[in-house]
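Report on the following structure.
The values are calculated or read from the model by the stated rules, or taken from the named source; none is laboratory data. This structure is a prediction, so every number in the text was calculated from the model and none was measured. Counting neighbours? That spans all protein chains shown, and the Cβs are built from the backbone with ideal geometry, glycine included. Surface areas here come from the heavy atoms of the whole protein model, side chains and all, with no ligands, DNA or RNA. Shrake-Rupley method; radii C 1.70, N 1.55, O 1.52, S 1.80 Å.
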Amino acid sequence: MLADQKNINGPFVDKESNDMAKGGGNILLEGDKNWYGVGHNAVATFYGIDYIIFHGYDAADNGRPKLRIEKLKWENDWPVIY
């Protein structure tokens, strides 16, 4: 559960309530053997569906950069890529 969702000044915590200013955090997006260096993400909603939009370097295509768009779902108020 989020510590204080109404205060723009925080505190900011991760899924386990660890303080982000003290090393807390959860990874949502990371590269793997098929996609290198994913990042520079944005989130958008179209017709009630949330998406994460980001770049990745396609290992199957000589590491060429590609735009990726994946759907997001929410589990216990936290985003999950599916």
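Things to note:
- Condition check for Ile27: under 18 Å from the mean Cα position of the chain (by Cα), open to solvent by less than 70 Å² (accessible area, probe 1.4 Å) and not basic (Lys, Arg): no
- The condition of being modelled with pLDDT under 95, surrounded by 11 or more Cβ atoms within 10 Å (Cβ to Cβ) and either of a type in the set (Phe, Trp, Tyr) or not in a strand (DSSP E or B) (or both) does not hold for Tyr57.
- Meets criteria (under 15 Å from the mean Cα position of the chain (by Cα) and at pLDDT 95 or above) for His40: no
- If you go through the stretch 30-42 and keep only what is open to solvent by less than 70 Å² (accessible area, probe 1.4 Å) and over 14 Å from Pro79 (Cβ atoms), you end up with Gly31, Trp35, Gly37, Val38, Gly39.
- Which numbered condition Ile53 misses (of (1) touching a Phe, Trp or Tyr at 6+ places or on another chain (Cβ under 9 Å); (2) without any contact (Cβ under 8 Å) to a residue 40 or more places away in the chain; (3) not basic (Lys, Arg)): (1)
- Tyr47 meets all of the listed conditions (1) surrounded by 10 or more Cβ atoms within 10 Å (Cβ to Cβ); (2) more than 18 Å from the chain's Cα centre (by Cα) but one, namely (1).
- Sub-7 Å Cβ pairs linking a first residue in the stretch 1-25 that is at pLDDT below 90 to a second residue that is of a type in the set (Val, Ile, Thr), at least 6 apart or interchain, are Leu2/Val13; Ala3/Val13, ordered by first then second residue.
- Flag for Lys73 being of a type in the set (Lys, Arg), outside any strand (DSSP E or B) and open to solvent by 70 Å² or more (accessible area, probe 1.4 Å): no
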